[in-house]
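*Asks:* Encoded as structure tokens, here's the structure I'll be asking about.
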Amino acid sequence: MAKQFRSVSIRQLRALAALAANGSITAAANKLHLTQPAVTLQLRNLQELAGLPLIQRTTEGMLLTDAGREVLALSERVEAALGACEASLDMIAGKTAGRISIGAVSTAKYFVPYAISAFQKMHPKVKVQLSIGNRQDMGNALRNYDLDIAIMGRPPVDMDMIVHLIGDHPHVIIAPTAHPFAKKQRIPVSKLAEETFLTREPGSGTRSLMEQLFESAGIQPEIGMEMSSNETIKQAVIAGLGISFISAHTVATELDERRLVILDVVGLPVVRQWFVVARKDKVLLPPARAMLDFLSVSGSQFLPKPRSRTQRPAEKAKRS
């Protein structure tokens, strides 16, 4: 009987609620804008599903039995749940509430939280879930539909993507302030062949870009340590364990505090771009769509400001 009752319909529950509120089939039919036979049929079917009498005819009208009152309580809970869901859908449609799942490569954590903060000031009821990982992690999350949008340097090529440019992403070589090359200018890349490099892990976009730089220069510097954290790499460089090819956006504080220097290497910075991406076949609800639009239009203003040695070579020449 319990399993049979699971097929109860909202129309049947509303017929019972209208009867309880109005006392007669005629009044219930008028309330629901239905014919009397239609309401009678709904009530008969509901009673058959319940397997118990739900209505008692009395001289004072039609009243609910104990079983009827139990089903009426169910009707009230269902109506409350439908109302709450409707309100939530209205808020989501208005971009005022909802959830967004964002992924960002680890280097982007130096500006993405500021962009999220600015977005949430405009949409305070929208909840944002931020996941951080390397490029490989973000690619896998996009493939599995775990993310609404992602911020990364190279969009995946094995999926149809919506891609919007955020801005330039310069990469530089950093060293401790006491390094012999710290004050030298126009250092050939070949001079770095004997240096020990502290690098990101395989699967990182920064690691891939560094390897491309070494290959184009025909050098194979020693790899001292592999680390999954830019923060750890910076501390290791400050400690004198080696130098590193790294995103310029990660070292602004250390440069200001003069704990690190950017080496003036010919051909650097290597400038790539930041993109905000989403799968074309991923259904984006209005909050996620609003975040995608926000980052594509305003994302660049949250990028760390470039330092003197992070300009493009053409920009340097123009200023000199």
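The values are calculated or read from the model by the stated rules, or taken from the named source; none is laboratory data. It should be emphasised that the depicted structure is a prediction, and the values quoted were computed from it without experimental measurement. A quick note on method: Cβ atoms are made from the backbone with ideal geometry, for glycine too, and the neighbour counts reach across all protein chains shown. Just so you know, the surface numbers come from the protein's heavy atoms only, side chains and all, with ligands and any DNA or RNA stripped out. Shrake-Rupley method; radii C 1.70, N 1.55, O 1.52, S 1.80 Å.
*Asks:* I'd like to know which of Ala29, Ser9, Ser247 lies farthest towards the positive end of the charge dipole of the chain, counting +1 on Cβ of Lys and Arg and -1 on Cβ of Asp and Glu.
*Replies:* Ser247
*Asks:* Report, to the nearest whole %, how much of the accessible area of the chain belongs to carbon and sulfur atoms, 1.4 Å probe, protein only.
*Replies:* 52 percent
*Asks:* Give me D for the chain in µm² s⁻¹, whole number, from Stokes-Einstein with Rh from the Kirkwood sum over alpha-carbon pairs, 25 °C and 0.890 mPa s.
*Replies:* 101 µm²/s
*Asks:* State to the nearest 20 debye the size of the charge dipole of the chain about its Cα centre, where the only charges are +1 on K and R beta carbons and -1 on D and E beta carbons.
*Replies:* Numbers: 39 positive and 29 negative charges, 153 e Å.
Charge dipole, the chain, about its Cα centre: 740 debye, nearest 20.
*Asks:* Can I ask one more? List the residue ranges in the chain for DSSP H helices whose C-alpha atoms run 24 angstrom or more along the long axis and whose Kyte-Doolittle average is -0.5 or above. Don't jump to the answer; show the numbers that get you there.
*Replies:* Numbers: long enough: 66-93 (41 Å, 0.45).
Those that clear 24 Å and a mean of -0.5 are 66-93.
*Asks:* Calculate the dipole size of the stretch 9-165 relative to its Cα centre from +1 charges on Lys and Arg beta carbons and -1 charges on Asp and Glu beta carbons; express the result in debye to the nearest 20.
*Replies:* Dipole magnitude for the stretch 9-165 comes out near 360 debye.
*Asks:* Which order, highest average first, do 23-30, 270-277, 253-260, 98-105 follow once you tally other Cβ atoms within 10 Å for each residue and take the mean per peptide?
*Replies:* In descending order of packing, they fall as 98-105, 270-277, 23-30, 253-260.
*Asks:* Give, in nm to one decimal, the length gained when the segment between Thr58 and Arg272 is fully stretched (0.36 nm per residue of separation minus the Cα-Cα distance).
*Replies:* Roughly 68.9 nm would be gained on extension.
*Asks:* How many Å² of accessible area per residue for the stretch 114-171, probe 1.4 Å?
*Replies:* Roughly 53 Å² per residue, with all protein chains present.
*Asks:* Follow-up. Let me spell out the model: positive unit charges on the Cβ of Lys and Arg, negative unit charges on the Cβ of Asp and Glu, origin at the Cα centre of the stretch 49-121. What dipole size does that give, in debye rounded to 20?
*Replies:* 580 debye
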